[in-house]
Amino acid sequence: MNETAAVPTAPLRARAEIDLGALRANVRALRARLKGAALMAVVKSDAYGHGAVPCARAALAAGATWLGTATPEEALALRAAGLPGRIMCWLWVPGGPWRQAIEADLDVSVSGMWALREVTEAARAAGRTARVQLKADTGLGRNGCQPADWPELVAEALKAESAGLIKVTGLWSHFACADEPGHPSITAQLDRFREMTAYAEEQGLRPEVRHIANSPATLTLPETHFDLVRTGIAMYGVSPSPEIGTPADFGLRPVMTLRASLALVKRVPGGHGISYGHHYTTPGETTLGLVPVGYADGIPRHASGTGPVLVEGKWRTVAGRVAMDQFVVDLGGDEPEPGTDAVLFGPGDAGEPTAEDWAQACGTIAYEIVTRIGTRVPRVHLSGEEEG
C-alpha cells in the first residue's frame, strides 16, 4: 500500500525530503549484485544526513541483515529505538561504553591490544560474552591492526575466547582506493586481507563473517564481497565516485531532495553589490531571490558564486558569498513570488541539480554535501510504496 507521508502544506524555510521508497529500492539493487554475501546498511552520521532510525528500518525491510555505525553511541541509539538484529560499531576510544555495548548485543570492533583488554574487562564485569570483530590494517593506515602486530592480537583473542569472554564474530578491513578503478593498492590490500584472515583461521578463529567491501567495491569488485559487504553512500543513491559511474549506471536513485522557500524577491539596479565582500555585482538591472539557508545549515561556503539552484525550472547560481543563514541567487529579471520553491539538489528528474553537481561546484565529494546538512533543516521522510 502507499504510505507516502504528506509534505507539510505550510511552506517551511527549508526541508530535506528523504525518499525511503528509493532507499529500499537501492538496497534491493545492491543485494542483487551479491552472490551469497549479506549486506550491512551503514547508517553512521545520522545515515549520512538522511535520518538514522527511519533509514535503518527501511534498509532492514529491503533485506539488509546488518546495520553499521561508526561510534558506539550511534549504535546504542539504534538499539534504544528498537532496531533488531546485528549492529556493528567500529570507532572506539579508551574508556568507551564497552559494557553498554555488550549488554545491548552489539558487535564491537577491536584494532589493537588496548581495545581487546577493555572489552574483555567489560565482558567479565557484565558476565556476558562480547561479540568482537578484529580489524586488520591492510593498507589504509587508519584504524586496524598492522600485519606485524596481528599474531599477538589473534593469540590474545583466542585466549579470551577460550575464557568465554569474547566470541570473534568477524574479521574485516577497509579499502583506501576502491573508488579509483585499477589503483594498485586495491589488489595489494585484497591479497593482504586474504593472508591475514587465513592466518587467523589457521590459528583457530572461526569468524561468522569476513568483510572488506565498501560501496565502490560492492559496485565494481565482486571478488571482494566475501561474506558481507558494507554499503553506505550507495544505499542513499549517491555514486561513490564519478570515475566509476553515475547512480543511474548502477540502478540507484538519490534519496535526499533539499528544498527551501524564497524568503524575498526584489528588483535591484545594475552595479549593486551582493552579500559580504561584494564578490558579485549585478551586471544590470535584475531580480534577486533570497534563499534562507546558509553554512549554519550545511550549505558549503565554498559554493559561493558556484552552487546551482533550480527556481521555476531554471538553474540559478549562488550570487556572492554564502552567509551563515542565507544566500542570494540572481533571477535574471524573472519575478517569482516569495515562497516559491528553490531546489538545491535532488535526483535530477525535474532538471534540478544533484548532490554531485554541488560537489563539483565546491571541489569536494557528494558524501560531504548530503552528510553536512544540519539539524536546523527538518527531515521529511516519505515512506513511498510498501512491498506487499
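For R192, all conditions in the list (1) out of contact with any helix residue (DSSP H, G or I) (no Cβ under 7 Å at 6 or more places or on another chain); (2) of a type in the set (K, R); (3) in a helix (DSSP H, G or I) hold save one; what is the number of the exception?
Only one criterion in (1) out of contact with any helix residue (DSSP H, G or I) (no Cβ under 7 Å at 6 or more places or on another chain); (2) of a type in the set (K, R); (3) in a helix (DSSP H, G or I) is unmet by R192, namely (1).
Taking the stretch 249-263 only, how many residues are over 18 Å from G307 (Cβ atoms) and open to solvent by 30 Å² or more (accessible area, probe 1.4 Å)?
Final tally of qualifying residues: 3.
List the residue pairs whose Cβ atoms are under 6 Å apart, where the first residue sits in the stretch 224-246 and is modelled with pLDDT of 95 or more, the second is surrounded by fewer than 21 Cβ atoms within 10 Å (Cβ to Cβ) and among the polar types (S, T, N, Q), and the two are 6 or more positions apart or on different chains.
S239/T246
For residues that are of a type in the set (D, E, K, R) and either within 19 Å of L228 (Cβ to Cβ) or within 18 Å of the chain's Cα centre (by Cα) (or both), scanning just the stretch 65-87, find the one that is most open to solvent (accessible area, probe 1.4 Å).
Filtering first and then ranking leaves E73.
Among (1) open to solvent by 20 Å² or more (accessible area, probe 1.4 Å); (2) hydroxyl-bearing (S, T, Y); (3) under 23 Å from H381 (Cβ atoms), there is one condition T220 misses while meeting the rest; what is its number?
Only one criterion in (1) open to solvent by 20 Å² or more (accessible area, probe 1.4 Å); (2) hydroxyl-bearing (S, T, Y); (3) under 23 Å from H381 (Cβ atoms) is unmet by T220, namely (3).
Just to be sure before I move on: is G289 assigned to a loop (DSSP other than H, G, I, E, B) and either open to solvent by less than 30 Å² (accessible area, probe 1.4 Å) or over 20 Å from Y48 (Cα atoms) (or both) in the structure I sent?
For G289, the condition - assigned to a loop (DSSP other than H, G, I, E, B) and either open to solvent by less than 30 Å² (accessible area, probe 1.4 Å) or over 20 Å from Y48 (Cα atoms) (or both) - is not met.
Here's a check for you: in the stretch 124-139, which residue that is closer than 18 Å to E208 by Cβ and under 28 Å from the mean Cα position of the chain (by Cα) is most open to solvent (accessible area, probe 1.4 Å)?
Only one residue fits best here, namely R131.
Does the stretch 159-177 include one or more residues that are at pLDDT 95 or above, of a type in the set (K, R), assigned to a helix (DSSP H, G or I) and within 24 Å of V110 (Cβ to Cβ)?
Yes, the stretch 159-177 has at least one match.
Report, ordered by the first and then the second residue, all pairs with beta carbons closer than 8 Å, sequence separation of six or more or different chains, a first member in the stretch 308-327 that is farther than 13 Å from T340 by Cα and in contact (Cβ under 8 Å) with a residue 60 or more places away in the chain, and a second member that is assigned to a loop (DSSP other than H, G, I, E, B) and open to solvent by 10 Å² or more (accessible area, probe 1.4 Å).
Q326/A263; Q326/P292
Identify the residue in the stretch 140-162 that is open to solvent by 50 Å² or more (accessible area, probe 1.4 Å) and touching a residue at least 40 places away in the same chain (Cβ under 8 Å) and, among all such residues, is farthest from R210 (Cα to Cα).
Ranking the candidates gives E156 first.
Condition first: over 18 Å from the mean Cα position of the chain (by Cα) and not in a loop (DSSP other than H, G, I, E, B). Now tell me which residues in the stretch 212-247 satisfy that.
Of everything in the stretch 212-247, those that are over 18 Å from the mean Cα position of the chain (by Cα) and not in a loop (DSSP other than H, G, I, E, B) turn out to be T220, P222, E223, T224.
For K35, work out the one condition from (1) within 15 Å of the chain's Cα centre (by Cα); (2) in contact (Cβ under 8 Å) with a residue 60 or more places away in the chain it doesn't fulfil.
Condition not satisfied by K35: (1).
Of all residues in the stretch 176-194 being touching a Phe, Trp or Tyr at 6+ places or on another chain (Cβ under 9 Å) and within 23 Å of E208 (Cβ to Cβ), which is surrounded by the most Cβ atoms within 10 Å (Cβ to Cβ)?
Q189
The values are calculated or read from the model by the stated rules, or taken from the named source; none is laboratory data. The shown structure was predicted, so the numbers you read here are calculated from the model rather than taken from an experiment. We place every Cβ from the backbone using ideal geometry, glycine too, and count neighbours over all the protein chains shown. What goes into the accessible areas is simple: the full protein's heavy atoms, side chains included, and nothing from ligands, DNA or RNA. Shrake-Rupley method; radii C 1.70, N 1.55, O 1.52, S 1.80 Å.
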